[in-house]
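Engineer: Take this structure, written in structure tokens, and hold onto it; I'll ask about it next.
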Amino acid sequence: MLGGFISKKYFDRKRVVFVSNAKSYIESVKDTIQRRDPNQTEFQEAAFTVLDTLEPVLDKHPEYIKANLLERLVEPERAIQFRVPWQSDDGQFHVNRGFRVQFNSAIGPYKGGLRLHPSVSLDVVKFLGFEQVLKNSLTGLPIGGAKGGSDFNPKGKSDSEVMRFCQSFMTELQRHIGPDLDVPAGDIGVGGREIGFLFGAYKRLNGYQNGVLTGKGLTFGGSLARPEATGFGLLYYTHAMLKALGDTLTNKKIKVSGAGNVATYAIQKATEYGATVITCSDSDGYVYDPNGIDFKLVKQIKEVERGRIKEYAQRVETAEYHDGSVWDFDINYDIALPCATQNEISKDQAKLIAKDRVKYVCEGANMPSVPDAIATYRDNNIYYGPAKAANAGGVAVSALEMSQNSERLSWSFETVDNRLHDIMDNIFEISEAADKEYQLNQDYQAGANIAGFEKVAQTMMAQGLV
Ligand code: GLU
């Protein structure tokens, strides 16, 4: 009952603690999430991390509490789950689960990637969809938030198996998407090859509508600079943060995790800025090269040959390969750019990051740091650029691909790249402005949450009870 959120006093040990209206409302929304979906731990982590930063905004806007805005924000508008039957090359029949969570369409059509990985569940897709709502808002472009995918594992599958899976997946997904309704794209396990197969399947069922997916090939409506966008964007954001703090990327030593699309182009742009990227990794282990990782070779091994990162060290004399997590590798460096997957940095690994004298952590993957790791960064005065701000470049260029598709034109690489750079600068600026407005002491995570939230909140209020 909303009228119940009057200021309360609680006994906490021997102290009487004043709990604000906003705080008690936030706690009640967290209780509701916990009660409704007690097993959705990834979603809880993502939602609680955001909710915990919104207290000052609710203090300023009690009308949001009255309108029960947060409970609406954490509930997806629609969550679709479906069966994906497919046949492997040896003739066996398989069934995977497909998902699309259309989280929020306040500011535009649903937009967000599709992930193919065995860890995909409704919980994971909800966490990613929730993050996507605020991330897409931060881009300043008119896109709502969604996410989808399947627990299908593309590792070790042939091209024809991946194609048959994508065709079966799209046979159902096509009912729920469209250029002005919901526009999926890539994410982990979904790159140019998969988007091509998905697009072909959609076209056979509905005719040619090139705005229905982004991350397409250049010959059928794809945008130049889309493959580079997340990695380049991460470095533009990091550059903007360092600049605001009176620092530069030149001669910095950087640890990157991952070896996929985000990591590859992050390594390229960091190197162009005059930094040295000393590591990259995959789920088996990591490569260390004090002379700097060659992004072209990473791309060759991972994307073209679909091999393992271990092979990098076999081809480069100065590189060494080790099994295990790159975040357990003890060496002094300046900047950490986690670009692999969620929860890849634990609290203990964050402590090692602090011990290794790292000054900045900016996230290329979605939610790679567990909440205790983020707290450890703060305790050690490490500046932290959260994923929803730092990795928004990919979806931002997807939105630019939608614009190009609508006007049936293609922009030059330079035009798209310049717009991406401006968008990332702007994301840092509005996060910093929110941080200053609410006197958060250079908490760019809270700043990004607040800046992303405010636009969605104002829009939901303007649209009535949605
Ligand atoms: N999967 C990317 C993300 O996490 C990009 C989504 C898109 O391009 O729609 O933001």
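Engineer: Contact list please: Cβ distance under 8 Å, first residue in region 218-244 and over 18 Å from E363 (Cα atoms), second residue at pLDDT below 95 and open to solvent by less than 50 Å² (accessible area, probe 1.4 Å), pairs at least six apart or on different chains.
Structural biologist: Every condition considered, the pairs that remain are F220/N210; G221/N210.
Engineer: Being more than 10 Å from the ligand (Cβ to nearest atom) and in a helix (DSSP H, G or I) is the filter; apply it to region 379-399 and report the residue that is most open to solvent (accessible area, probe 1.4 Å).
Structural biologist: Looking at the filtered set, the residue picked out is D379.
Engineer: A follow-up question, please. Within the bounds of region 306-329, is there any residue that is outside any strand (DSSP E or B), at pLDDT below 95 and crowded, with 19+ Cβ neighbours inside 10 Å?
Structural biologist: Scanning region 306-329, I find no residue that is outside any strand (DSSP E or B), at pLDDT below 95 and crowded, with 19+ Cβ neighbours inside 10 Å, so the answer is no.
Engineer: Give the residue that is surrounded by the fewest Cβ atoms within 10 Å (Cβ to Cβ), with candidates limited to residues of region 129-147 that are over 11 Å from the mean Cα position of the chain (by Cα) and in contact (Cβ under 8 Å) with a residue 60 or more places away in the chain.
Structural biologist: Of everything passing the filter in region 129-147, P142 is surrounded by the fewest Cβ atoms within 10 Å (Cβ to Cβ).
Engineer: Another one. Regarding region 188-196, can at least one residue be identified that is closer than 17 Å to G394 by Cβ, of a type in the set (G, A, S) and open to solvent by less than 10 Å² (accessible area, probe 1.4 Å)?
Structural biologist: No, there is no match, as no residue in region 188-196 is closer than 17 Å to G394 by Cβ, of a type in the set (G, A, S) and open to solvent by less than 10 Å² (accessible area, probe 1.4 Å).
Engineer: In region 61-94, which residues are in contact with a Lys or Arg (Cβ under 6 Å, 6 or more places away or on another chain) and of a type in the set (A, V, I, L, M)?
Structural biologist: If the condition is that a residue be in contact with a Lys or Arg (Cβ under 6 Å, 6 or more places away or on another chain) and of a type in the set (A, V, I, L, M), then I80 is the only one that fits.
Engineer: If I ask for residues that are in contact with a Lys or Arg (Cβ under 8 Å, 6 or more places away or on another chain), of a type in the set (A, V, I, L, M) and either assigned to a loop (DSSP other than H, G, I, E, B) or modelled with pLDDT under 95 (or both), which ones from region 148-194 would you list?
Structural biologist: I177, I188
Engineer: Looking at this structure, is L69 modelled with pLDDT under 95 and aliphatic (A, V, I, L, M)?
Structural biologist: no
Engineer: Could you tell me whether K30 is within 23 Å of the chain's Cα centre (by Cα) and in a helix (DSSP H, G or I)?
Structural biologist: So K30 passes the test.
Engineer: Next question. Restricting to region 258-274, what's the tally of residues that are open to solvent by 10 Å² or more (accessible area, probe 1.4 Å) and over 20 Å from E344 (Cα atoms)?
Structural biologist: Matching residues across region 258-274 total 6.
Engineer: Among I80, I65, which is the only one that is assigned to a helix (DSSP H, G or I) and of a type in the set (A, V, I, L, M)?
Structural biologist: I65
Engineer: Could I ask something else about it? Condition first: more than 16 Å from the ligand (Cβ to nearest atom) and either open to solvent by 10 Å² or more (accessible area, probe 1.4 Å) or part of a loop (DSSP other than H, G, I, E, B) (or both). Now tell me which residues in region 93-128 satisfy that.
Structural biologist: Residues satisfying the conditions are F93, H94, V95, N96, R97, A106, P118, S121, L122, D123.
Engineer: What pairs come out if I take residues in region 73-92 that are open to solvent by less than 70 Å² (accessible area, probe 1.4 Å) and pair them with residues that are polar (S, T, N, Q) and outside any helix (DSSP H, G or I) whose C-beta lies under 8 Å away, six or more apart or interchain?
Structural biologist: That search, which allows pairs on different chains as well, returns L73/N104; P76/Q102; P76/N104; A79/Q102; I80/Q102; V84/N96; V84/S150; W86/N96.
Engineer: Another one. Can you name the residue in region 293-305 that is of a type in the set (D, E) and closer than 17 Å to S158 by Cβ and, of all such residues, is surrounded by the most Cβ atoms within 10 Å (Cβ to Cβ)?
Structural biologist: E303
Engineer: While we're on this one: Return the residues of region 424-444 that are under 19 Å from the mean Cα position of the chain (by Cα), open to solvent by less than 20 Å² (accessible area, probe 1.4 Å) and not hydroxyl-bearing (S, T, Y); say none if nothing qualifies.
Structural biologist: M424, I427, F428
Engineer: Check T415, T376 and return the single one that is part of a helix (DSSP H, G or I), more than 24 Å from A225 (Cα to Cα) and either within 13 Å of the ligand (Cβ to nearest atom) or among the β-branched types (V, I, T) (or both).
Structural biologist: The conditions single out T376.
Engineer: Okay, moving on. What are the residues in region 276-292 that are open to solvent by 10 Å² or more (accessible area, probe 1.4 Å) and assigned to a loop (DSSP other than H, G, I, E, B), if any?
Structural biologist: D282, S283, D284, P290, N291, G292, listed by residue number.
Engineer: How about region 409-422: which of its residues are hydrophobic (A, V, I, L, M, F, W, C) and open to solvent by 20 Å² or more (accessible area, probe 1.4 Å)?
Structural biologist: L409, W411, F413 - these are the residues of region 409-422 that are hydrophobic (A, V, I, L, M, F, W, C) and open to solvent by 20 Å² or more (accessible area, probe 1.4 Å).
Engineer: Out of everything in region 200-257 that is within 16 Å of the ligand (Cβ to nearest atom) and among the β-branched types (V, I, T), what residue ends up being surrounded by the fewest Cβ atoms within 10 Å (Cβ to Cβ)?
Structural biologist: That would be V212.
The values are calculated or read from the model by the stated rules, or taken from the named source; none is laboratory data. The structure displayed is predicted, hence computed values, not measured ones. Every residue, glycine among them, receives a Cβ derived from its backbone with ideal geometry; neighbour counts consider all protein chains shown. To get the accessible areas, we keep the full protein, side chains included, count just its heavy atoms, and leave off ligands, DNA and RNA. Shrake-Rupley method; radii C 1.70, N 1.55, O 1.52, S 1.80 Å.
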